[in-house]
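Since the structure comes first, as structure tokens, the remarks are kept for the end.
The values are calculated or read from the model by the stated rules, or taken from the named source; none is laboratory data. Quantities reported herein were computed from a predicted structural model and do not represent experimental measurements. Every residue, glycine as well, gets a Cβ built from its backbone with ideal geometry; the counts of neighbours run over all protein chains shown.
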Amino acid sequence: MSLDKIVVHGAREHNLKNIDVTIPRDKLVVLTGLSGSGKSSLAFDTIYAEGQRRYVESLSSYARMFLGQMEKPDVDFIDGLSPAISIDQKTTSKNPRSTVGTVTEIYDYLRLMYARIGIPHCPICGREIKQQTVDQIVDRVMALPEKTKIQVLAPVIRGRKGEHVKEFDAARRSGFVRARVDGLIYDLNESIQLEKNKKHTIEIVVDRLVVKADIRSRLADSIEVASGLTGGIVIVNVIDGEDITFSQNYACPEHGVSVEELTPRMFSFNNPYGACKKCTGLGVFMKIDPELIIPDKRLSINKGGLKASGWAMEGSTIAAMYMKGLAEHYGFSLDTPLGDLPERILDILLYGTKGEKIKLRRVSEYGSGTYTAEFEGVINNLERRFRESSSNWVKEEIETYMSAVPCDACQGRRLSPESLAVTVGGINISEFCDKSVTEALEFVNGLELTEREKLIAAPILKEIKARLGFLQSVGLEYLTLSRSAGTLSGGESQRIRLATQIGSSLMGVLYILDEPSIGLHQRDNHKLLETLKHLRDLGNTV
């Protein structure tokens with residue numbers, strides 16, 4: 001058996017007719033031929049399938065449980081195989097939460113960088129915020145209305161999986177009586193059973209007080225005890241009201257906005273601690289689009305101008321009943337083109353009569369009758385049906401009238417205001433991700449840091465620069481890190497995976513690529529070829 005070539009004997013997969021072929025190892029090899037000539041059958045369905053199957057077989061039976069094993073290809077034998085990695089065009093993530101930054105793992109390093117050297121600001125006034133003292137926290141609580149009932153909580157566990165038996169035992173031994181677990185108050189003397197695989201939040205109730213002039217000293221003691229348990233974070237819960245989070249780490253002196261200790265999860269839009277509360281980190285809402293309900297304003301209602309599901313005018317439908325009732329009540333014609341109707345009438349058609357009742361005449365095979373009812377509006381009707389329906393068919397039908405609208409709370413930036421108020425080099429993490437790969441590299445290279453920040457950020461910046469450089473080397477310097485992975489072409493997603501493989505610096509691997517230059521401008525082909533040669537020079541077969 002030769003060490004410098006891959007020998008395939010008797011390949012009969014798909015349309016291969018008993019092919020024998022010898023391929024040199026540690027070289028850049030190109031398979032060419034007409035469409036349907038068997039290039040993919042040889043490369044993917046024979047060589048890759050057998051290389052991956054043999055590698056997976058070498059793992060333990062426990063590891064094999066989690067890996068999809070490929071079928072044995074129809075081939076007599078293959079010699080000289082290495083573990084195989086396939087980089088094809090079909091593996092683009094369609095998850096709306098995936099971006100170029102998360103797929104390339106650059107975003108993970110960015111989260112770490114912002115958590116370690118980020119400068120927090122007040123999300124309201126923009127001033128840099130610093131640590132809060134116990135006296136400042138007490139002053140803020142004492143500003144609540146007199147006779148307000150409060151409890152001082154120490155959040156010992158925040159959004160972590162586990163049963164947390166030790167935390168409950170420690171709280172009991174320390175003399176605490178109650179704890180708030182996932183929003184519910186428990187007596188610590190009772191047995192508290194938590195689901196091991198769910199995330200839980202546990203807050204020890206340190207003290208319960210009523211706000212009045214003589215509690216200042218006791219409140220200060222309770223806040224010190226609570227911050228001692230948590231490393232500086234205290235929650236003051238107003239009974240039947242909101243929670244106010246205080247931090248001895250960071251707080252705005254004017255607006256009282258507290259920011260807890262900066263952690264990487266604060267900058268993740270896939271984690272409830274960092275994501276925008278309104279859109280839960282998606283950045284967009286799917287909403288009914290009026291332009292899709294009335295695509296052609298030259299048509300009248302009778303001519304089918306309203307295109308929404310269930311609002312066609314044929315026959316004696318409920319839609320026809322409502323439209324005739326509206327026309328009579330508001331004095332307009334169903335034969336007038338929608339573009340010629342007053343804005344007020346269009347608003348009533350789309351968003352309803354807003355409490356005003358109209359007279360409706362119902363005609364059926366059993367007779368006719370009149371009654372009065374409010375009209376909810378075509379858009380409100382579709383949104384309600386979309387929320388309430390359990391039928392996938394109905395939901396898919398209504399989705400055709402929806403379009404993505406940026407979240408009005410975060411303006412499509414996916415993160416909470418507190419996370420967006422943390423800056424490095426004067427910009428927040430969202431603004432960094434909106435830069436192209438080239439601009440991001442220029443920004444990172446020109447970043448001015450203090451000696452302490454340089455010491456902390458050096459290994460993180462090294463990884464960020466390397467990964468941005470890999471994206472540039474495969475001709476993707478125009479991409480932004482915030483771009484949704486679902487909008488990438490097959491060629492772009494393949495080259496992103498290629499850039500990730502260069503970063504892993506493996507050797508002795510068999511890489512199989514499927515038309516990697518698809519969608520690439522001719523001037524960038526040399527970049528791709530240099531990348532493939534680099535993979536080969538590391539000691540791989542490409």
* Do any residues in segment 333-360 that are assigned by TED's automatic domain parsing to the domain that holds residue 376 and of a type in the set (Ser, Thr, Tyr) have Cβ atoms under 6 Å from those of residues that are part of a strand (DSSP E or B) and surrounded by 15 or more Cβ atoms within 10 Å (Cβ to Cβ), where the two are at least six apart or on different chains, and which pairs are they? -> 336/300
* Asked: at pLDDT below 90, within 23 Å of residue 311 (Cβ to Cβ), within 22 Å of the chain's Cα centre (by Cα) and not hydrophobic (A, V, I, L, M, F, W, C): does that describe residue 399?
  -> yes
* Between a first residue in segment 211-223 that is in contact (Cβ under 8 Å) with a residue 40 or more places away in the chain and a second residue that is surrounded by 15 or more Cβ atoms within 10 Å (Cβ to Cβ) and charged (D, E, K, R), which pairs have beta carbons less than 7 Å apart while being 6 or more apart in sequence or on different chains? -> 222/207
* To do: Please find, among 227, 222, the residue that is of a type in the set (Ser, Thr, Tyr) and either part of a loop (DSSP other than H, G, I, E, B) or at pLDDT below 90 (or both).
  => 227
* Asked: Quick one: how many residues across segment 471-513 are out of contact with any strand residue (DSSP E or B) (no Cβ under 7 Å at 6 or more places or on another chain) and among the acidic types (Asp, Glu)?
  -> 1
* **Check on residue 40, closer than 30 Å to residue 435 by Cβ, buried (at least 16 other Cβ atoms within 10 Å of the Cβ) and among the polar types (S, T, N, Q)** => no
* If the Cβ limit is 6 Å and pairs must be 6+ apart or interchain, which residue in segment 57-78 that is touching a residue at least 24 places away in the same chain (Cβ under 8 Å) pairs with which residue that is small (Gly, Ala, Ser)? -> 73/49; 75/10; 75/11; 76/10
* **The one condition in (1) touching a Lys or Arg at 6+ places or on another chain (Cβ under 6 Å); (2) assigned to a helix (DSSP H, G or I) that residue 135 fails to fulfil** => (1)
* Asked: What about residue 51, is it exposed (fewer than 11 other Cβ atoms within 10 Å of the Cβ), in the same structural domain as residue 532 (by TED's automatic domain parsing) and out of contact with any Phe, Trp or Tyr (no Cβ under 8 Å at 6 or more places or on another chain)?
  -> no
* If you take the residues in segment 382-396 that are of a type outside the set (D, E, K, R) and in contact with a strand residue (DSSP E or B) (Cβ under 9 Å, 6 or more places away or on another chain), which one is modelled with the lowest pLDDT? -> 386
* Asked: Do you know which residues across segment 468-496 are surrounded by fewer than 18 Cβ atoms within 10 Å (Cβ to Cβ) and aromatic (Phe, Trp, Tyr)?
  -> 478
* Asked: Does segment 287-332 hold any residues that are closer than 23 Å to residue 363 by Cα and charged (D, E, K, R), and which are they?
  -> 303, 314, 324, 328
* Asked: Do we have any residue at all in segment 334-342 that's among the small types (Gly, Ala, Ser) and touching a Ser or Thr at 6+ places or on another chain (Cβ under 8 Å)?
  -> no
* How about segment 433-542: which helices (runs of 4 or more DSSP H) wholly inside it have at least 2 residues that are under 24 Å from the mean Cα position of the chain (by Cα), outside the structural domain of residue 24 (by TED's automatic domain parsing) and basic (Lys, Arg)? -> 451-473
* **Selection count, segment 289-317, where residues are crowded, with 17+ Cβ neighbours inside 10 Å and touching a strand residue (DSSP E or B) at 6+ places or on another chain (Cβ under 6 Å)** => 1
* Quick one: what pairs do we get from segment 421-432, first residue at negative phi, second part of a helix (DSSP H, G or I) and among the basic types (Lys, Arg), C-beta under 9 Å, 6+ apart or different chains? -> 429/111
